[in-house]
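Data first, discussion second: the structure below is written as structure tokens.
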Amino acid sequence: MNLRPIFRGLFALTLLVCLNVQGATQSMVVYKLATCGCCLNWVNLMKANGFQVTVHNVTDTTVYGRKYGVPDALESCHTAIVGDYAIVGHVPLSEIRRLLKEHPAAKGLTVPGMPVGAPGMEEGTRRDAFSVVLVDAAGKTSVYQSYGQR
């Protein structure tokens, strides 16, 4: 029995499934200040990396973080919603992908303030140390990932 046609068919099917999964886009809604250029830089990074982004220019972003349980002390210049998570501030793409992959019981991630060198806040090679903070389902916070100074 010649199994080559069966194996070719299985290979082609596997390839199509892989391409479909890789091509899937994740929706993201961003609430940002209209005048904030660094937020636009961050949004463009998300778009360039496969997120389907809808942007709403607002006069106050804190209400959106609060709605999703992010404490005011952890706010920043924009709030994004991805699935059931709030992404507040200049959270790196790798941490958003990690959050979506691990899917912890959490309210979201935040990078408080606007640290130089965080995504969208680039200024040459300088990068201030900053932490990505996880806000868990109970509202408790912990460091999800730290980034050192350069």
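The values are calculated or read from the model by the stated rules, or taken from the named source; none is laboratory data. Treat the numbers as computed from the prediction; the structure is a model and nothing was measured. Backbone-built Cβ (ideal geometry, glycine too); neighbour counts: all protein chains shown. Just so you know, the surface numbers come from the protein's heavy atoms only, side chains and all, with ligands and any DNA or RNA stripped out. Shrake-Rupley method; radii C 1.70, N 1.55, O 1.52, S 1.80 Å.
Values computed for the structure shown
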read-out	value
Extreme residue, positive dipole direction of the stretch 41-95, given options Pro92, Ala48, Thr59 (C-beta unit charges)	Ala48
Rounded FRET efficiency, nearest 0.05, which uses the C-beta distance separating Ala129 from Ser27 and R0 of 22 Å	0.10
1.4 Å probe accessible area per residue over the stretch 65-118, in Å²	38
Residue order for Lys107, Lys101, Lys140 - accessible surface, 1.4 angstrom probe, largest first	Lys101, Lys140, Lys107
Percent accessible area from carbon and sulfur atoms, the stretch 62-150, protein chains only, probe 1.4 Å	51
Area accessible to solvent at Glu95, 1.4 Å probe radius, in Å²	10
Charge tally in the Cβ shell below 10 Å around Thr62, where Lys, Arg are +1 and Asp, Glu are -1, Thr62 excluded	-1
Residue-level accessible surface for Val53, protein heavy atoms, 1.4 Å, Å²	30
Cross-link pairs beyond the 23 Å C-alpha cut-off, checked among Lys32/Lys101; Lys47/Lys101; Lys32/Lys107	Lys32/Lys101
Theoretical FRET efficiency, 1/(1+(r/R0)^6), r = Cβ-Cβ of Gln149 and Asn44, R0 22 Å, to 0.05	0.30
Dipole magnitude (debye, nearest 20) for the stretch 19-150, charges at Cβ of Lys, Arg, Asp, Glu	180
Extension gain from Lys140 to Ala73, taking 0.36 nm per residue of separation minus the Cα-Cα distance	22.9 nm
